[in-house]
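Peer 1: Dropping a structure here in structure tokens format, bear with me for questions.
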Amino acid sequence: MTVQVVLPGVLADLAGGAKHLDVEPAGGTLGGLLDVLAAEHPALGRRIRDETGQVRRFVRVFVDGEDVRWQGGLAAAVPDGAVVQVLPSIAGG
């Protein structure tokens, strides 16, 4: 089972510059996917999740265009072939 993770430039730098990563999520859930991502790219994992393992408040994750906050959070299903986008909030003025 392979999932494509799409990262914006600011996060791609933490994954060796790759904006598209092919990942095999453990257990078919977002939590399993983030575990694998953190094991392969620790700095990226720390940027996405907080110390308790939850997705940081300022990070949004979408599975096939659906915000995981409304799909079960870390328990959200990540089916084979899914596209997962990770987007940090952007602030400024």
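A short reminder: the numbers here are calculations on the coordinates, not readings from a lab. As the structure is a computational prediction, the values presented were derived from the model and not from experiment. Here the Cβ is made from the backbone with ideal geometry for all residues, glycine too, and neighbour counts use every protein chain on show.
Peer 1: Look at region 21-34 and say how many of its residues are charged (D, E, K, R) and buried (at least 18 other Cβ atoms within 10 Å of the Cβ).
Peer 2: Quick first cut of region 21-34, residues charged (D, E, K, R) only: 22, 24.
Those left that are additionally buried (at least 18 other Cβ atoms within 10 Å of the Cβ): none.
Counting residues in region 21-34 that are charged (D, E, K, R) and buried (at least 18 other Cβ atoms within 10 Å of the Cβ) gives 0.
Peer 1: Could you look through region 68-88, keep only residues that are hydrophobic (A, V, I, L, M, F, W, C) and free of Cβ contacts under 8 Å to residues at least 40 places away in the same chain, and pick out the one that is surrounded by the fewest Cβ atoms within 10 Å (Cβ to Cβ)? Break it down stepwise before answering.
Peer 2: First, pick out the residues of region 68-88 that are hydrophobic (A, V, I, L, M, F, W, C): 68, 70, 74-78, 82-84, 86-87.
Narrowing further to those that are free of Cβ contacts under 8 Å to residues at least 40 places away in the same chain: 68, 70.
On the way: Val68: 20, Trp70: 8.
Ranking the qualifying residues of region 68-88, first place goes to Trp70.
Peer 1: Considering only residues that are among the hydrophobic types (A, V, I, L, M, F, W, C) and either under 14 Å from Gly81 (Cα atoms) or loosely packed, with under 13 Cβ neighbours inside 10 Å (or both), which ones fall in region 8-20? First the steps, then the outcome.
Peer 2: Taking region 8-20 first, the residues among the hydrophobic types (A, V, I, L, M, F, W, C) are 10-12, 14-15, 18.
Matches in region 8-20: Val10 only.
Peer 1: Being of a type in the set (A, V, I, L, M), in contact (Cβ under 8 Å) with a residue 60 or more places away in the chain and out of contact with any Gly (no Cβ under 8 Å at 6 or more places or on another chain) is true for just one of Leu14, Leu7. Which residue is that? Outline the logic, then answer.
Peer 2: Values: Leu14 fails: in contact (Cβ under 8 Å) with a residue 60 or more places away in the chain.
After applying the criteria, what remains is Leu7.
Peer 1: Further question: All but one of (1) in a strand (DSSP E or B); (2) exposed (fewer than 13 other Cβ atoms within 10 Å of the Cβ) hold for Val5, so report the exception by its number.
Peer 2: Failing condition for Val5: (2).
Peer 1: Checking Glu51 against (1) more than 13 Å from the chain's Cα centre (by Cα); (2) crowded, with 19+ Cβ neighbours inside 10 Å, which single condition isn't satisfied?
Peer 2: Just one mismatch for Glu51, condition (2).
Peer 1: Output the number of residues of region 37-81 satisfying the condition of being assigned to a helix (DSSP H, G or I) and in contact with a Pro (Cβ under 6 Å, 6 or more places away or on another chain).
Peer 2: 0
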